[in-house]
1. Assess whether ILE251 counts as being among the β-branched types (Val, Ile, Thr), surrounded by fewer than 22 Cβ atoms within 10 Å (Cβ to Cβ) and not in a loop (DSSP other than H, G, I, E, B).
2. Of GLU182, GLU140, which residue is out of contact with any helix residue (DSSP H, G or I) (no Cβ under 6 Å at 6 or more places or on another chain), among the acidic types (Asp, Glu) and in contact (Cβ under 8 Å) with a residue 12 or more places away in the chain?
3. What strands (runs of 3 or more DSSP E) lie completely within region 1-64 and have 2 or more residues being without any contact (Cβ under 8 Å) to a residue 60 or more places away in the chain and of a type outside the set (Gly, Ala, Ser)?
4. From the set of residues in region 94-153 that are assigned to a loop (DSSP other than H, G, I, E, B) and of a type in the set (Gly, Ala, Ser), which is farthest from GLU208 (Cα to Cα)?
5. Of the residues that make up region 193-214, is at least one in contact (Cβ under 8 Å) with a residue 12 or more places away in the chain, part of a helix (DSSP H, G or I), closer than 28 Å to PRO130 by Cβ and touching a Lys or Arg at 6+ places or on another chain (Cβ under 6 Å)?
6. Looking at (1) in a helix (DSSP H, G or I); (2) out of contact with any Asp or Glu (no Cβ under 8 Å at 6 or more places or on another chain); (3) in contact (Cβ under 8 Å) with a residue 40 or more places away in the chain; (4) buried (at least 21 other Cβ atoms within 10 Å of the Cβ), can you tell me which one ASP80 breaks?
7. Look at region 119-139 and say how many of its residues are among the hydrophobic types (A, V, I, L, M, F, W, C), buried (at least 19 other Cβ atoms within 10 Å of the Cβ) and closer than 21 Å to PHE174 by Cα.
8. If we scan region 214-226, do we find a residue that is surrounded by fewer than 20 Cβ atoms within 10 Å (Cβ to Cβ), among the acidic types (Asp, Glu) and more than 18 Å from the chain's Cα centre (by Cα)?
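Values in this text are rule-based calculations from the coordinates and carry no lab data. Model, not experiment: these values are computed from the prediction. Heads up, the Cβs are rebuilt from the backbone with ideal geometry, glycines too, and the neighbour counts pull from every protein chain shown.
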Amino acid sequence: MPGTETKHKVRDVNVRMLRGGSGPPLLFLHGANGLPVWLPVFELLSKQFEVFVPEHPGFGTSDNPAWLRNIGDLAMYYLDFLDEFGPHEVHVVGQSLGGWAAAEAATRNCSRIKTLSLLGPAGIRIKGLPSGDNFIWSPEEAVRNLYHNQAIPDQILAMQPTDDQADILLTNRFATAKFGWEPRWYNPSLERWLHRITVPTLVMWGKEDKLFPSAYAARWGERIPGSRVEIVPECGHVPAVEKPEITAKEIIRLYAGTR
């Protein structure tokens with residue numbers, strides 16, 4: 001069953017949100033391309049969890065509050081978001097930009113987070129391991145370089161966006177620049193605070209990631225106490241899209257370890 005699109009309000013901010021399934025709550029924070037459709041990975045996860053996929057403020061047709069200026073503000077917004085679930089702890093999954101926001105939130109306060117799954121997160125930089133730069137890639141490169149299996153970008157690039165979809169793509173690009181432009185896709189202080197993440201954590205990376213090298217995964221694993229690192233072969237930057245079965249299986253495995 002596809003997820004249902006709803007509106008969700010946290011404090012004074014209204015955003016679009018996909019929701020589906022039943023079970024413990026799982027919050028999925030999307031990457032820089034914006035709110036996705038109801039993906040196969042969400043359908044797989046919805047058999048175990050109630051899945052919530054909000055659109056980040058500033059993206060798409062969601063509110064863009066004046067106070068949202070950087071990744072720290074986005075992290076604090078999601079801590080407010082988590083508070084609204086009440087006493088139930090939430091399983092948090094973040095892809096790329098969403099993984100960065102999730103990690104920033106978790107370093108500040110883990111009390112509402114049951115498990116944390118980081119899928120190719122932005123947020124740190126390792127000297128001598130340069131990352132890709134999606135701000136200078138051509139529009140076609142920006143799609144192709146996210147995937148190992150080129151059949152996926154072939155399908156994406158073959159679709160002609162409507163005027164409304166083109167407007168959303170432009171809005172998402174502006175929002176992405178707000179968080180990732182300077183410094184490029186990292187927070188210089190984040191790495192030294194990753195030890196504050198004290199919940200069971202999965203770090204998952206596509207082996208052929210052209211945006212953030214898969215060698216970054218080991219550093220995340222070193223900095224987050226007790227975390228588990230999984231490198232997915234024949235996979236680019238978006239394991240949730242390219243390898244949905246493996247992604248869902250590993251997130252559920254992390255959850256099973258807390259039961």
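1. In short, no.
2. Values: GLU182 fails: in contact (Cβ under 8 Å) with a residue 12 or more places away in the chain.
The unique qualifying residue is GLU140.
3. Filter on region 1-64 gives 4-10, 13-21, 50-54.
4. To start, the set of residues in region 94-153 that are assigned to a loop (DSSP other than H, G, I, E, B) comprises 96, 109-112, 120-122, 124-138, 145-150.
The next check asks that each one be of a type in the set (Gly, Ala, Ser); those that pass are 96, 111, 120, 122, 128, 131-132, 138.
Values: SER96: 15, SER111: 34, GLY120: 11, ALA122: 16, GLY128: 18, SER131: 12, GLY132: 12, SER138: 19 Å.
Checking each candidate, the answer is SER111.
5. From region 193-214, those in contact (Cβ under 8 Å) with a residue 12 or more places away in the chain are 193-214; that's our starting set.
When the remaining residues are screened for being part of a helix (DSSP H, G or I), the result is 193-196.
Those left that are additionally closer than 28 Å to PRO130 by Cβ: 193-196.
Within this subset, residues satisfying the condition of being touching a Lys or Arg at 6+ places or on another chain (Cβ under 6 Å) are 194.
Yes, some residue in region 193-214 is in contact (Cβ under 8 Å) with a residue 12 or more places away in the chain, part of a helix (DSSP H, G or I), closer than 28 Å to PRO130 by Cβ and touching a Lys or Arg at 6+ places or on another chain (Cβ under 6 Å).
6. Every listed condition holds for ASP80 apart from (4).
7. Number of matching residues: 1.
8. Yes, because at least one residue in region 214-226 is surrounded by fewer than 20 Cβ atoms within 10 Å (Cβ to Cβ), among the acidic types (Asp, Glu) and more than 18 Å from the chain's Cα centre (by Cα).
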